[in-house]
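For reference, the structure discussed in these notes is given below.
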Amino acid sequence: MLAALLAALAVAQWAGRDRATFGPGSLEAVERAVAAAGLRTCDAADVARDLPGGSLGGRAYTLAASCPGDAVTVVVDRFASAGDRDAAARRFESLSRPRGSGWVLTLADATVLLRGPGDEEPRRRLRVALIGEGAR
């Protein structure tokens, strides 16, 4: 019973953690972070299917220090409300829990999913740059 209580407390604390301030401008902020991380966009495409619930649309980026080097895939999904965005972030986090499978951040009106596997160094640099743009 104690283990169940501690597990419930851990889930509640994890689910309630801080998220980024909601507002417009996520795609521009991601593109600034890509440049700040010293990465190049090898490919970018709008995503119109298989979107998370509540998503207004998304964009997938393939990034590398020099194309077509060890690429990093980043998917940005935009939302109309902070509630929809944060719910999607929680779902992504629960799907990407195994170590090395990626990071999920919130930034403005979007979730930013840095997919794994891939070269860890560009992903780390991009994550730092996204946090510099206000991602959490």
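The values are calculated or read from the model by the stated rules, or taken from the named source; none is laboratory data. These figures come from a predicted structure and were not determined experimentally. Because the Cβ atoms are built from the backbone with ideal geometry, glycine has one as well, and the counts that use them run over all protein chains shown. Quick note on the areas: whole protein, heavy atoms, side chains included, nothing else; ligands and nucleic acids left out. Shrake-Rupley method; radii C 1.70, N 1.55, O 1.52, S 1.80 Å.
Taking a probe of 1.4 angstrom, what is the accessible area of Asp46 in Å², to the nearest 10?
Result for Asp46: roughly 120 Å² accessible.
For the residue pair Arg115 and Ala45, what label-to-label distance in nm results when each label sits 7 Å from Cα along the Cα-to-beta-carbon direction?
So the label points at Arg115 and Ala45 sit 1.0 nm apart.
Once you have the Cα-Cα distance between Thr21 and Ala36, take 0.36 nm times their residue separation minus that, and quote the gain in nm to one decimal. Intermediate results must be reported in sequence, preceding the final value.
Numbers: separation 15, 0.36 × 15 = 5.40 nm, distance 2.07 nm.
Full extension from Thr21 to Ala36 adds 3.3 nm.
Using mean Cβ contacts within 10 Å as the protection proxy, how do 58-69, 78-89 order, highest first? Don't skip to the end; give the middle numbers.
Working: 58-69: 16.7, 78-89: 18.7.
Ranked from most to least packed, the peptides come out as 78-89, 58-69.
Just to be sure I understand the model, the point goes 7 Å from the Cα along the line to the Cβ. What's the resulting Ile131 to Ala82 distance in nm?
A separation of 2.1 nm, rounded to one decimal place.
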